[in-house]
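In what follows, a single structure is set out as structure tokens and then discussed.
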Amino acid sequence: AAMQRFLGSLLCLCALRLPAGTGTAARGLDVASYRERVRAMFYHAYEHYLESAFPYDELRPLTCDGQDTWGSFSLTLIDALDTLLILGNVSEFQRVVNVLQEGVDFDIDVNASVFETNIRVVGGLLSAHLLSRKAGVEVEAGWPCSGPLLRMAEEAARKLLPAFQTPTGMPYGTVNLLHGVNPGETPVTCTAGIGTFIVEFATLSHLTGDPVFEDVARKALKALWKNRSDIGLVGNHIDVITAKWVAQDAGIGAGVDSYFEYLVKGAILLQDKELMSMFLEYNKAIKNYTKFDDWYLWVQMYKGTVSMPVFQSLEAYWPGLQSLIGDVDNAMRTFLNYYTVWKQFGGLPEFYNIPQGYTVDKREGYPLRPELIESAMYLYRATRDPTLLELGRDAVESIEKISKVDCGFATIKDLRDHRLDNRMESFFLAETVKYLYLLFDPDNFIHNDGSDFDVVVTPYGECVLSAGGYIFNTEAHPIDPAALHCCRKRREEQWEVEDLMREFYSRKKTKKFILKRAPDHGEGENAKDPEDASSEKAGEKRNSKKSSHSLLSCPSQSFNSKLAVLGQVFLDNT
Amino acid sequence: SCSRAKDVTMPAKLPVNFFSTRSPVIDLFRGQLDYADQLRQDSEIVLYFFYAPWCGQSIAAKEEIDHVASRLSDQVLFVAVNCWWNQGKCRKQKHFFYFPVIHLYHRSFGPIEYKGPMSAVYIEKFVRRVMTPLLYISSRSKLLDFLSNYEPGVVGFFEFNASPQPPGYLTFFTSALHSLKKDYLGTIRFGVVTDKRVAEEISLVHSGSVYLHRHANTSLIYPKDIMNFTAENICKWALENREMLIRWLRPHGGKSLLLNNELKKGPALLIFIPYNPLAEIHPLLDEITKVALEYHKCNKSQAAEPDLQHLGDSDSPAFDSSVPDAHLKFSETFPIAKYPCCNTVVLPQWHSISRTHNVCELCVNQTLGVKPNKVHVPHCNFLEIEAALDSFYLQEHTFFQVISNTIECSNFLSFYSPFSYYTACCRTVNRHFLSFISSEKTIFQTPKVAFSSHGKKDNTQFSIPHIEDRNCFIPDLNISSTNITGLSCRTNKTLNLYLLDSNLFWIYAERLGASRSTHLKEFAAIVDLKEEVHYVLDQNQSLVGPTLENFIKNFSVLYSPLKRHLVDDPSVHLHEEHVVTEVTTNTFHETVFLSAKNVLLFYYAQWCGFCASLNHIFIQLARLLPPDSFTVARIDVTRNDLPWEFMTDRLPTILFFPHQRKEQSVKFPEDFSVNLPNLLKFILHHSSLSSSEPCTKECLHKESVLQQGHISHLEREIQKLRSEISALHQAHDHLEAQLSEARREEQKLQQQKHTLEKQHKTLQLHSEQLQATYDQKNQELLEMAEKLQELADASENLLKENALLRILVASRGGKLQSKDEIKEPLQSEQTFSEDNDISPSTATAASEEKRIDNIDTIETTAEHNSGNRTE
């Protein structure tokens, strides 16, 4: 406790170290010109990848060649595919779709990370599949419930399924695409490697109709939930055979991050109260034990004592996640803390020691990660605060000035002296550039608020698609929630809707019937539906019923949010 | 090579010029801090600009610095230092958490960090303050000018007669510089008086005394006997005791609690005006501060204080000068204001429920007509207005059509006289925004305007339906009898007054509802954080003293006539048709309450994930429900305020307003999942209360309408089914094609299999043959080897025989010799026989070698053959 207090006082000092004079000069930030600069960045990297590195996974920008990193799937190409469409390059999107269909093979003797393959390959292919109609690809009649890219995604995902065959249901971290789990494979997996499947796998299940994917993803999520500590935290690594925590640091960053992210995104995508109630419980514990002065630290998962007073670059996704569930005030306050770190170095070091106000040894790199920019994009949607555009401006200037080389953009090996490393991770094109572009392009179709939509006739009926509300997976691949509804739910509901519509028009005859049913039966029956959807866990459900409001909702913004821009934050008295 | 490439790294690029070489700023882009320090000796005032080349803020500030430098380069040395490059001295010695950092030095005093806005005018102002931290006050009038300013002023009195510098002067000078360190906005101004008679005005007698001027409270003299006379102390004393009647708010952009702290003190009046810190005079600001001063002037007896009287004197010319200025600005936004003789006419509405009015400002246009005019003498004749009104009414139908929010003007001729022109400027306003008129009124209420209220009343009586008494629209202007002087102490709703520069912080005004279309960035709002309300001074009123006073007064009275301002989303276009109707603050009432349909209203926010993922459901619902009896609508509540009773604290919220019982709205229960069947059930349940009575004609008609709707719905369904069928056909065809292709491929594969099998057979045959030949050759080889063996044996026999022969020959030779010894002379015979003896042995050896050679070649060819076979 003493340690905590000590830290607390230090942190206060840190937060007071505020930058001066920002915000004002960038009033007239030229959004369009920055948008074009981001576009140029994309093509600089993308074209050099095609020229020098394809069909390898990644470009090595200093030596101007390629290497395989996460498998051998031309990963950068898969990852960058939907960014092409977001930039409006339809023809290249179409070309790449053809290249991938012919060139990518998952029947290879390669040991692949289950997590990375899922988020980059399965996620990338799924979003490309769902966007292909928008990109003018001629889709087959069963689209969006079938299609070549969907089949590829399914194939890739099936290669991962053997990893889930453990006593706990939590997957191994690595799997051989040809032979399944290698004998002697380590059973230690990081938390995120267990809980980051529901978005892709539930989408796959909803689109293809095969429930196996969603089932294994849910089982893994539940296993983690069951193994949380008494104070409601999860550690960093767990043994998937024995369910013993191997690394007991609890926080929101590396090793855990996308687990929390997927609880929220899964809840939104699937309208799932159970996932949301899990997240809200975690959120409470995180606030209680790890949050200090709008920073989030690392604590021991059983005792709650601070183990590492650091901020990690990967943690910067948190404000964006908070904004999705309506916690915009807190999100903005944390974001502003993180932004000061960027201003100090021109990037976010992997680890930043908060009390010392400097980088941590061996963790000074910045591999052009997207997380802070991602949060800026979400928050800009919510607040329209020009400060967020300034972060975008700073990111463009930094990346161009520091990491641009003749052959692409190089990872920053050390933020203290801006030495460069011979690597360009595939998430640079998939995420960093995408979020930057979206930040500067408020009219992009991805930001559609529901005023536009497409009607698609499928053999299974008529679907409303592309109505906005895209859910980004953790590699920034957007998933259209309406598509999930289109392939399975819609078919289930169709006849019920048909009956109800009949009643609309023949109200006089059946009016009695409705009136009778409504008070004693109707509500009860209605109430059943959500229960079915939110499935098994009775305990969780009771919890949700007790609370005064639906779990699947955001609080409205408070009055003072009108003035909470340009760095102004308000303390709530409540 | 692979592993080596992994270790390839590259050092950061070498720094290059940040400022252009033509810039007056000295750019030490290699971070030569030592050289920067040397440079400081050369100039009295130095500005250091510490930057990082990758930093966006540094890049943005560069231009501003360049601009300031180009204006001040003859007096100030501008030095830019790259404080990022890790080989540079600056990076090694300084540890900054952000960039750019601006430090100023006044000779050896410094660094003074500039923390204000990164805008050229503000920086220049600050640099100028550092250049001359003390203002020299030479005369009485200058002193009064100095003191009348709203910002606190500190005056030091120092007599420069005997010694070159009076004691304490340097300390005072330093304290002025010191204050700039703490108070980077430079709100406290420092002045120095050297003339004894001037000093007496503020009752300073002794040289070395320091005076802090205050308007509302008694002014203070620095207590030398209690506190040491040091620069820090003077500065601290001034900061602590200064009076803040009205404060500038300048958020620095980083995380800050500034607004939180200020607004939590109580209701605040935020006044946004464009401000140029370099301008000589600020008429509007003077006017506002005068109101502030009045507002805070609680103690009447203070008015007797001499300097306050002076203040009044010195202020009045300033105020006068501001008035025409205000008029000028006014005329920019409202072209009609240049006509001194006007009247407001509110046209009758089309129907009583309409929430809009067409309002016209009718003016006698003295500039257009040929009449010798009195433009500069605002004078208005009652008869003229009467005539104008008459002419106007005759043509008023032309003004009904006006439905724009902007003002449209037209000129028309007088009914009576061909020499009189009238100008009518009309626009449509919402009922609660009718204060358009009031803006006119404030102007014409100024005493000089002869358009008396008496005339107005007459007009009202004359044409009842047309002219509405202004009083019912703008009660806020009717209590002008209450005095603002000292109101802050008399009311229990005390306001704190704040100024914001609208060049920098207009975004706050926009978020409080300032219209985005105005060119004039003036805006005032009262924000009450505790009550969660804010009131806005109508933007159509120009921001001048009297309007501000009225605004404050209206807030302060017991039953305040001010209405909570509801911010409306301007980006929603009214005429855009969507399947789901987009409702805004302004259209809420009309869409929800006035429409004759059942309305399902979806409260959402764009950022809320749970709302956005429901979009498709509402679109489907809207497409499904009969559009002539149902409206599916939605409202973005982060951009549109609603009256309290319609606010919601969670999103999404779904409300249903049944037709004919709009006031009995029902909320979709929160624990139900939002999907199409549930929504339909919900609507069905709540919209089905009507007509269980026996059918009348009307009911029959309704029924037929309903069935008509049903028919069209079914038709739509059929259409859908048709397209579904066609899609199915397509899919079928597609599958068929795929199937046939698959069959074809299968066939092909079968064929390939056959051919492959054949090939396999032939290959097998071939390999058997090869095996046979191999065996055969092997056999031959063995035979050959046997033969060779035989040959070798034979040759060995031969050799043996040879040796025997030799022995035989030798023995014969011996025998012959013994015979010859007997018969012939001995010597010669012996040598001859020896020669004979050698030659045959060599011959046999040679022949043997030849034979071996032969064998060798045979063996190698055999090897070769077998090698071939294995290959």
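Data for the structure
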| quantity | calculated |
| --- | --- |
| Members of region B:574-590 found to be crowded, with 24+ Cβ neighbours inside 10 Å and at the interface with chain A (Cβ under 7 Å from one of its Cβ atoms), listed by number | none |
| Where a residue in region B:767-792 is surrounded by 11 or more Cβ atoms within 10 Å (Cβ to Cβ) and its partner, wherever it lies, is hydrophobic (A, V, I, L, M, F, W, C) and assigned to a helix (DSSP H, G or I), with Cβ under 6 Å and at least six apart | B:781/B:862; B:788/B:855 |
| The listed residue being more than 14 Å from chain A (Cβ to nearest Cβ), among the polar types (S, T, N, Q), surrounded by 14 or more Cβ atoms within 10 Å (Cβ to Cβ) and over 26 Å from residue B:103 (Cβ atoms), out of B:161, B:241, B:228 | B:241 |
| Whichever residue in region A:25-55 is of a type in the set (D, E, K, R) and within 14 Å of another protein chain (Cβ to nearest Cβ) and, among such residues, is farthest from the chain's Cα centre (by Cα) | A:27 |
| Candidate set from region B:83-97 (those that are over 15 Å from residue A:415 (Cβ atoms) and outside any helix (DSSP H, G or I)); member that is nearest to the other protein chains (Cβ to nearest Cβ) | B:87 |
| Subset tally (residues that are away from every other protein chain (no Cβ under 11 Å), buried (at least 18 other Cβ atoms within 10 Å of the Cβ) and either closer than 18 Å to residue B:676 by Cα or in contact with a Pro (Cβ under 6 Å, 6 or more places away or on another chain) (or both)) for region B:616-653 | 3 |
| Test: residue in region A:454-477 that is in a helix (DSSP H, G or I) and facing another protein chain (nearest Cβ under 10 Å) | no |
| Neighbours by Cβ (under 7 Å, 6+ apart or cross-chain): first from region B:225-236, closer than 18 Å to residue B:213 by Cα; second charged (D, E, K, R) | B:235/B:182 |
| Identity of the residue in region B:488-512, crowded, with 20+ Cβ neighbours inside 10 Å and part of a loop (DSSP other than H, G, I, E, B), that ends up nearest to the other protein chains (Cβ to nearest Cβ) | B:512 |
| Test for residue B:68: is it crowded, with 23+ Cβ neighbours inside 10 Å and in a helix (DSSP H, G or I) | yes |
| Enumeration of residues in region A:354-384 that are charged (D, E, K, R) and at the interface with chain B (Cβ under 8 Å from one of its Cβ atoms) | A:381 |
| Qualifying positions in region A:98-134 - under 22 Å from residue A:438 (Cβ atoms) and surrounded by fewer than 20 Cβ atoms within 10 Å (Cβ to Cβ) | A:133, A:134 |
| Single match in B:739, B:728 (criterion: under 51 Å from the mean Cα position of the chain (by Cα) and either outside any helix (DSSP H, G or I) or closer than 29 Å to residue A:142 by Cα (or both)) | B:728 |
| Residue A:82 being within 14 Å of chain B (Cβ to nearest Cβ), buried (at least 19 other Cβ atoms within 10 Å of the Cβ) and in contact with a Leu (Cβ under 7 Å, 6 or more places away or on another chain) | no |
| Leading residue by the ranking (farthest from the chain's Cα centre (by Cα)) among those in region A:282-307 that are among the aliphatic types (A, V, I, L, M) and in a helix (DSSP H, G or I) | A:285 |
| Odd one out for residue B:593, checked against (1) in contact (Cβ under 8 Å) with a residue 12 or more places away in the chain; (2) surrounded by fewer than 18 Cβ atoms within 10 Å (Cβ to Cβ); (3) facing another protein chain (nearest Cβ under 10 Å) | (3) |
| Candidate set: region B:244-262, residues that are out of contact with any helix residue (DSSP H, G or I) (no Cβ under 9 Å at 6 or more places or on another chain) and assigned to a loop (DSSP other than H, G, I, E, B); chosen: the one farthest from the other protein chains (Cβ to nearest Cβ) | B:244 |
| Yes/no for residue B:549 being outside the structural domain of residue B:676 (by the TED database) and acidic (Asp, Glu) | yes |
| Conditions (1) within 9 Å of chain B (Cβ to nearest Cβ); (2) closer than 26 Å to residue A:321 by Cβ: number failed by residue A:444 | (1) |
| All strands (runs of 3 or more DSSP E) inside region B:556-663 with 3 or more residues being of a type in the set (Phe, Trp, Tyr) | B:598-604 |
| Residue check, residue A:503 at the interface with chain B (Cβ under 7 Å from one of its Cβ atoms) and either among the basic types (Lys, Arg) or touching a strand residue (DSSP E or B) at 6+ places or on another chain (Cβ under 7 Å) (or both) | no |
| Residue match in region A:416-424 (condition: on the phi > 0 side of the Ramachandran plot, crowded, with 23+ Cβ neighbours inside 10 Å and within 10 Å of chain B (Cβ to nearest Cβ)) | yes |
| Hey, residue A:326 within 12 Å of chain B (Cβ to nearest Cβ), in contact with a Pro (Cβ under 7 Å, 6 or more places away or on another chain) and not in a helix (DSSP H, G or I) or not | yes |
| Boolean, residue B:59 is within 14 Å of chain A (Cβ to nearest Cβ), assigned to a helix (DSSP H, G or I) and either at pLDDT below 95 or over 30 Å from residue B:190 (Cα atoms) (or both) | yes |
| Close pairs from region B:627-650: first over 25 Å from residue A:380 (Cβ atoms), partner exposed (fewer than 14 other Cβ atoms within 10 Å of the Cβ) and at pLDDT below 90, Cβ under 9 Å, at least 6 apart | B:628/B:705; B:629/B:596; B:629/B:705 |
| For residue A:394: the one exception among (1) surrounded by fewer than 23 Cβ atoms within 10 Å (Cβ to Cβ); (2) out of contact with any Phe, Trp or Tyr (no Cβ under 6 Å at 6 or more places or on another chain) | (1) |
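The values are calculated or read from the model by the stated rules, or taken from the named source; none is laboratory data. Given the structure is predicted, the values throughout are model-derived calculations rather than measurements. Because the Cβ atoms are built from the backbone with ideal geometry, glycine has one as well, and the counts that use them run over all protein chains shown.
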